[in-house]
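One structure below.
The values are calculated or read from the model by the stated rules, or taken from the named source; none is laboratory data. The shown structure was predicted, so the numbers you read here are calculated from the model rather than taken from an experiment. All Cβ positions, glycine included, derive from the backbone under ideal geometry; neighbour counts span all protein chains shown. Areas reflect the complete protein model, heavy atoms only, side chains present, ligands, DNA and RNA absent. Shrake-Rupley method; radii C 1.70, N 1.55, O 1.52, S 1.80 Å.
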Amino acid sequence: SRPSPGTAAYGAAKAGLENLAASMAMEWAQDGVRVNTVVLGMARTELTELHYGDEAGVAAVGATVPLGRLAEPEEVGDACVFLASDRARYVSGASLAVHGGGERPSFLHAANVNKS
């Protein structure tokens, strides 16, 4: 949902997958099948340093997230377990954002008012 230079095909594919899931949820509901998507923000993985650098770089990138850090893999797993559980038995065709509140827009950093 966030455009980024050089990622048009990737973004289009992601948008297509979200629509595919919503369409499948509608089509398969009569058979009792639920279809949802997990929309992941930035998460810590074994390759995090390749994208963001050392721990200082990872921390700086994490600071751009309202919750102040990257997601941990188990937090993403917890969201998936929830969607697969009976607690989500009426959730279908949904996109669950697991992104710590999103990313702070860069224009806010450049502004000279409302720095909080």
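Keeping every protein chain present and rolling a 1.4 Å probe, give me the accessible area per residue for the chain in Å².
74
Counting only other residues whose beta carbon sits under 13 Å from that of Ala97, what net charge do I get with K and R as +1, D and E as -1?
Summing Lys and Arg as +1 and Asp and Glu as -1 gives -1.
Between Ser106, Ser85, Ser23, where does the largest GNM mean-square fluctuation fall for the chain, given springs only between Cα atoms within less than 10 Å?
Ser106
Name the residues whose placed amide hydrogens come within less than 5 Å of the amide hydrogen of Ala97, ignoring near sequence neighbours (fewer than 5 apart) on the same chain.
It is Val39, by chain and number.
Of all accessible surface on the chain at a 1.4 Å probe, what whole percent is carbon and sulfur?
60
What distance in nm separates the simple spin-label points at Ser4 and His109, each placed 7 Å from Cα in the Cβ direction?
Using points 7 Å along Cα→Cβ, the separation is 1.4 nm.
What angle do you read, to the nearest 10 degrees and between 0 and 90, between the alpha-carbon axis of helix 73-84 and the longest principal axis of the chain?
Between helix and principal axis, roughly 20 degrees.
Consider the candidate values (1) 1.26; (2) 1.05; (3) 0.94; state which one is Cα Rg over 2.2 N^0.38 Å computed from the structure displayed.
Read-out taken from this structure: (1).
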